[in-house]
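Peer 1: First, the structure itself, so that you have it in front of you.
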Amino acid sequence: VQLQASGGGLVQAGGSLTLSCVASGTISGRTILGWYRQAPGEQRELLASIGSGDTTNYADSAKGRFTISRDITKNTVYLQMNNLKPDDTAVYYCRARDMLYDLDYWGKGTQVTVSS
């Protein structure tokens, strides 16, 4: 399975972006899809995840501004980001954790830069 993230770019503070991550290959119904980010000099942090039954979880930094969703028919997970702030500048990664087969996949990341 390969994950391809896209949708990053340069946006002004207060703007919005939608990230997409397409999974090629077969993933099980017990796969948790997540979005992470890593700013320069910082650890990678979990922003949001979505699992079976579309159960979602959000980090405090993402609550109220970011929304994770997925389209099973397209094997795609999205991250809608609103009211972006300069502190949101980071490389954003998607991850697929197949809990049935104990497999873990990461995408290469997409850069998001928010200017003030």
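Peer 1: Please specify each residue of segment 57-116 satisfying the condition of being touching a helix residue (DSSP H, G or I) at 6+ places or on another chain (Cβ under 6 Å) and of a type in the set (Gly, Ala, Ser).
Peer 2: Within segment 57-116, just Ser116 meets the criteria.
Peer 1: Just checking, which of Asn75, Asn82 is of a type outside the set (Gly, Ala, Ser), at positive phi and either loosely packed, with under 14 Cβ neighbours inside 10 Å or out of contact with any Phe, Trp or Tyr (no Cβ under 9 Å at 6 or more places or on another chain) (or both)?
Peer 2: Asn75
Peer 1: Looking only at segment 76-95, filter to residues that are among the polar types (S, T, N, Q) and assigned to a strand (DSSP E or B); which one of those is farthest from Gln111 (Cα to Cα)?
Peer 2: Ranking the candidates gives Thr76 first.
Peer 1: Just one of Ser52, Ser28 is open to solvent by 60 Å² or more (accessible area, probe 1.4 Å), at pLDDT below 95 and either under 20 Å from Asn83 (Cα atoms) or among the small types (Gly, Ala, Ser) (or both); which is it?
Peer 2: Ser52
Peer 1: From the list Asp98, Asp87, Asp102, exactly one residue is more than 15 Å from the chain's Cα centre (by Cα), surrounded by 13 or more Cβ atoms within 10 Å (Cβ to Cβ) and of a type outside the set (A, V, I, L, M). Which is it?
Peer 2: Only one candidate qualifies: Asp98.
Peer 1: Continuing with this model, one more query. Restricting to segment 1-18, what's the tally of residues that are closer than 25 Å to Lys74 by Cβ and open to solvent by 50 Å² or more (accessible area, probe 1.4 Å)?
Peer 2: Of the residues in that region, 6 qualify.
The values are calculated or read from the model by the stated rules, or taken from the named source; none is laboratory data. Keep in mind that what you see is a predicted model, and the values were worked out from it rather than measured. Ideal geometry is used to build each Cβ from the backbone, glycine not excepted, and the neighbour counts take in all protein chains shown. These accessible areas exclude ligands, DNA and RNA; they are computed on the full protein's heavy atoms, side chains included. Shrake-Rupley method; radii C 1.70, N 1.55, O 1.52, S 1.80 Å.
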